[in-house]
Amino acid sequence: MKYLVSILLLCAAMHAKTFAEAAAAAPQPNAPCQPAFWGIENKIDLGLLGGLLAADAFTTQRGLSQGMREANPVMRPFVTRGTAGQAAGSALGYGVAIGTAYVLHRTHHYKAERITMRLMVTVESGVVANNIVGIR
C-alpha cells in the first residue's frame, strides 16, 4: 500500500509540475500551440489501459490459482507474491506506460505517442484475452 501511495504522489507531483510550467510559460502570439498531454484522447487511452491492467491482474491471479504460470519473466517475481505483488507490478507497468507516452509528448513526437498508446492498449487486450482463454 505504501508503494501505491508513493506512486500516486509522484504522479500528482508530475501533474502539478506540468501545470506550473504551463502557467509560467505564456505562449507567443503567433507560435503554434502544443496539444495538451492530458487531452481527451490520452485520458481515454490511459483509462482503457488501466482497466485492462486490472483485468490482467484478476485473470492472472485466477490462472495462477488454477495451476497456470506467469509467462512474462519480468512480471513473474511480482505475480508469484500474491495480490500485493501483482498490484505493485501492475502499478509499475502503468507508470512505465504513462512515462513513455509523456516522454514522447514532451519531445514533440505526437504521432509516435498516439501509436504507442494504442499499441499498449492492443497488446494488453491480447494478454487479457489469452488469460481468459487459458482459464476456461
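Just so it is clear, none of the values below were taken in a lab; they were calculated from the coordinates. As the structure is a prediction and not an experimental result, all values here were calculated from the model. Here Cβ is always computed from backbone atoms with ideal geometry, including for glycine, and neighbour counts include all displayed protein chains.
Please arrange THR122, THR116 by counting, for each residue, the other beta carbons lying within 10 Å of its beta carbon, fewest first. Don't skip to the answer; put the middle values down first.
Values: THR122 11, THR116 17.
Fewest-to-most Cβ neighbours within 10 Å comes out as THR122, THR116.
What's the extension gain from VAL103 to ILE44 if we count 0.36 nm per residue and subtract their Cα-Cα distance? Please list the in-between numbers first.
On the way: separation 59, 0.36 × 59 = 21.24 nm, distance 1.83 nm.
So the chain would gain 19.4 nm between VAL103 and ILE44.
How would GLU70, GLU41, GLU124 line up from fewest to most surrounding beta-carbon atoms within 10 angstrom? If you can, show how the numbers build up before the last one.
Values: GLU70 17, GLU41 14, GLU124 20.
Neighbour counts put them in this order, fewest first: GLU41, GLU70, GLU124.
Would you list VAL123, VAL133, VAL79 from fewest to most Cβ contacts within 10 Å?
Details: VAL123 12, VAL133 9, VAL79 22.
By the 10 Å Cβ count, ascending: VAL133, VAL123, VAL79.
Between MET68 and THR83, what is the label-point separation in nm under the 7 Å Cα-to-beta-carbon projection?
Distance between the two pseudo-spin positions: 1.9 nm.
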